[in-house]
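Input: a single structure, listed below in structure tokens.
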Amino acid sequence: MGEPHVDPGGSTIITRSKSSRSGARRFTTVGLLGLIGLVSVACNRLPVGLSSGGSGGAATFQAHGSVEQIWVVHAQPGATLTVVRGNVPRTVTSATADANGGMIFRQLTPGTDYRVFQYAGGTTTRSGFLDVMSQAPTPPSTSIYHQTLNVGGWAGHEKDGYGYLTTRDGTKLAVMVRLPGPPDKGPYPTVIEYSGYSPADPDSPQPMTQLSGLMGYATVGINIRGTGCSGGAFDYFERLQSLDGYDAVETVARQPWVLGNKVGMVGISYPGISQLFVGATQPPHLEAITPLSVIDNTATTLDPGGILNDGFALSWGKDRVHDSKAGGQKWSQKRMDNGDTTCQDNMGVRLQTPDLLAKIYANTHYIPAVADPLNPSKFVDKIKVPTFMACQWQDEQTGGHCANLVKHFTGTSKAWFNFTNGTHVDSLDPATFVHWYDFLELYVAHRKPSNGALLKALGPAIYKTAMNVDGVQVPDDPIWAQPDYAHALAAFNALPKVRVAFDNGGSTTPGNPVGTFEKAYSSFPVPGTSAQAWYFGPGGTLTSGKPTAATGHDHYVSDPSVRPRADFGGSTSDIWVAAPAWNWTQLVGGNALAYTSKPLSSNEVMAGFGSVDLWLTSSATDTDLQVTLTEIRPDGKEEYVQSGWLRASDRKLDPASTVLDPIATALASDVRLLTPGKASLARVGLYPFAHAFRKGSRIRISVSAPGGDRPFWTFTNLPGTPLNSIARTAALPSRVVLPLVGTNVPTPLPTCTLRGEPCHDALAFTNTAG
């Protein structure tokens, strides 16, 4: 028989013969008997992953139904693969098997009547019927969760826990299980660390896995699909990754050594962010999550204000591209070299990994269908389990915008949020570390936190290792003194929802991750926040009174090249030390504007979002803006507080914007070019922050081209060096609006060593007036 061919119209099946003597191809419509034969084969459902039919000794292939996808491995490289539906097959899509014999068909409509045909060398093979699943969290059958995972971790069995966990679509994820003792000594409180880093590497446990293990927890490190030795192809936080996480939680929870058959999740940064995605799928056996140093929205880190962050954010994307290649992570290549055939087989569709960098460049504006699924603020309301979260305002990696999640976390009343100034690792500052430990003990281990002595013993080594700082002590915690579990749980539950530490790095040992005081709030933004407006004035002044002049403006040449692109030149970990080698340079006259208040007559505690409202005129039809808030201290130092960014053409605001929080729609349809010579209002949002401005200090706001004020955040600015003008008149009053939440500051001005807040000499700055 010739090669079955599906007519492009999708209904007629044709045989294609290559045996004509003349060499011409002969096409004949399949007769009734042939059609009946095909239907007969189709109705005989074959197990997922097998292929049947064919002739000529062609290699078989495996096809698997997935979530709105079908994945194929072991096809003949270069073969035509055609997806069909129905008993009378009709074409859905076709593609060519890659060099590894792999293919992933995406964006398929859920259904149970899919098959894949392979056409290669005149031979046809076909799969059995395949189930293409919906994005619903619950799988078609929970029987997939009855798997037995390898275990190890205790003395003499340190690496025995490596193995694989099979998800709903047949993908095998690399897993490393470490128990604090033999299984028969359990059950143990259990936590999962899930990311595309190396949580399943048996030779190198991740930091939060190590900490949890030291606290007596069973830990399970799982590599996201398409990373490490896990099967599948990596696609940045696609829905399938979240559902894999759901499957992982449900499979791990059913292991006999898991306390209560429920698990928690731990992780900082990537494995912290993944918890938000998995938690929103509501796995029934997920007990609690602890996301640390996370994002609120991919866009606020990748494209702040509509400007590509080509520093850390883009480099992180490039790292993911590298790591998603076959053997891209050294430990996975090592396992393949040492004979791990499952790891080797799991590379079968790595060539089908979507081009993450191409996606980044193709989505310069917010496309809801693409961006909403990558925006945790859109779905954290679905998280129902107890949650403990911590972030830093000046996080050099994720960016510090995660405080925006607080108002969206409406699915659980048991959620606690911790914020401080600092770097990416400051979510592990000693006070937060203690609360994190308490939370896990109470909500995952279900026992009274009583291992304070262990934490105190571990503390100095933890901070020496993570931050290269000495002498850091873990504080005592009143919850440890409670008489039993019930009292300890009640005491923890009574803690305020939002805890903000101030002056982190300004304690008795300068630069160490310890604050000088804390504030507690019931929510964020803080209830009762006063929107304090400061207006731009002549001579670089910043005043509480609105301008009255009919004319007046200042101008600058927007040129990002006049300053270093970032204020730090080392590696990311170098910034975590007590005294980083900052390279925070001064503003350049003629290329920036700065407005400074008179010395404050009282302390002012700021916490929340801010808005810099600029009446902007430019010589160009578009321009990129950076605004930076600093404190001019009485000791003659200028201290960095926070920044914000905006591409002027993206200035249209979402209706949810407030006087303190201008939210750009970021939609391509809302782009509004500037009219040269005409003033337009451009509201630039300051990323959230909390800072105590002391009496005698002055508040400064600067305007410049993006770059130079944040470590590792650099930007792809628009070409050209336009002349930008900022008005300061009665009709066009440019201003900054700041979130005043109080005046009580119980500690004196700290040393200029606050974490994430570099200092340099406070120099006079002269604006160029128009």
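Overview of values
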| item | result |
| --- | --- |
| Residue list for the stretch 597-625, restricted to those being open to solvent by less than 40 Å² (accessible area, probe 1.4 Å), farther than 25 Å from residue 516 by Cβ and among the hydroxyl-bearing types (Ser, Thr, Tyr) | 611, 617, 618, 623 |
| Criterion: surrounded by fewer than 18 Cβ atoms within 10 Å (Cβ to Cβ) and either out of contact with any strand residue (DSSP E or B) (no Cβ under 7 Å at 6 or more places or on another chain) or not in a loop (DSSP other than H, G, I, E, B) (or both) - qualifying residue of 144, 104 | 144 |
| Qualifying residue in the stretch 669-685 (condition: part of a loop (DSSP other than H, G, I, E, B) and more than 16 Å from residue 723 (Cα to Cα)) | yes |
| Test: residue in the stretch 712-735 that is under 19 Å from residue 400 (Cα atoms), touching a helix residue (DSSP H, G or I) at 6+ places or on another chain (Cβ under 6 Å) and in a loop (DSSP other than H, G, I, E, B) | yes |
| Matching residues, the stretch 670-698, being under 34 Å from the mean Cα position of the chain (by Cα) and without any contact (Cβ under 8 Å) to a residue 60 or more places away in the chain | 670, 672, 673, 674 |
| Residue match in the stretch 603-616 (condition: charged (D, E, K, R) and part of a strand (DSSP E or B)) | yes |
| 1 or more residues open to solvent by less than 20 Å² (accessible area, probe 1.4 Å) and under 27 Å from residue 389 (Cα atoms): qualifying helices (runs of 4 or more DSSP H) within the stretch 279-339 | 298-302, 312-323 |
| Test: residue in the stretch 370-390 that is buried (at least 17 other Cβ atoms within 10 Å of the Cβ), farther than 27 Å from residue 95 by Cα and hydroxyl-bearing (Ser, Thr, Tyr) | yes |
| Residue 366 vs. criteria in contact with a strand residue (DSSP E or B) (Cβ under 7 Å, 6 or more places away or on another chain) and of a type in the set (Phe, Trp, Tyr) | no |
| Whichever residue in the stretch 337-375 is among the small types (Gly, Ala, Ser) and touching a residue at least 60 places away in the same chain (Cβ under 8 Å) and, among such residues, is nearest to residue 198 (Cα to Cα) | 348 |
| Top-ranked residue in the stretch 447-490 [being touching a Pro at 6+ places or on another chain (Cβ under 8 Å) and assigned to a helix (DSSP H, G or I); ranked as surrounded by the most Cβ atoms within 10 Å (Cβ to Cβ)] | 463 |
| Residue list for the stretch 340-358, filter: more than 14 Å from residue 232 (Cβ to Cβ) and either surrounded by 17 or more Cβ atoms within 10 Å (Cβ to Cβ) or hydrophobic (A, V, I, L, M, F, W, C) (or both) | 340, 356, 357, 358 |
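Per-residue answers, yes or no, for (1) modelled with pLDDT under 95; (2) part of a helix (DSSP H, G or I); (3) in contact with a Leu (Cβ under 7 Å, 6 or more places away or on another chain); (4) small (Gly, Ala, Ser):
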site	(1), (2), (3), (4)
515	no, no, no, yes
519	no, no, no, no
527	no, no, no, no
532	no, no, yes, no
550	no, no, no, yes
554	no, no, yes, no
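The values are calculated or read from the model by the stated rules, or taken from the named source; none is laboratory data. Values in this document were obtained by computation on a predicted structure and should not be read as measured data. Counting neighbours? That spans all protein chains shown, and the Cβs are built from the backbone with ideal geometry, glycine included. Calculation scope for accessible area: heavy atoms of the full protein, side chains included, ligands and nucleic acids excluded. Shrake-Rupley method; radii C 1.70, N 1.55, O 1.52, S 1.80 Å.
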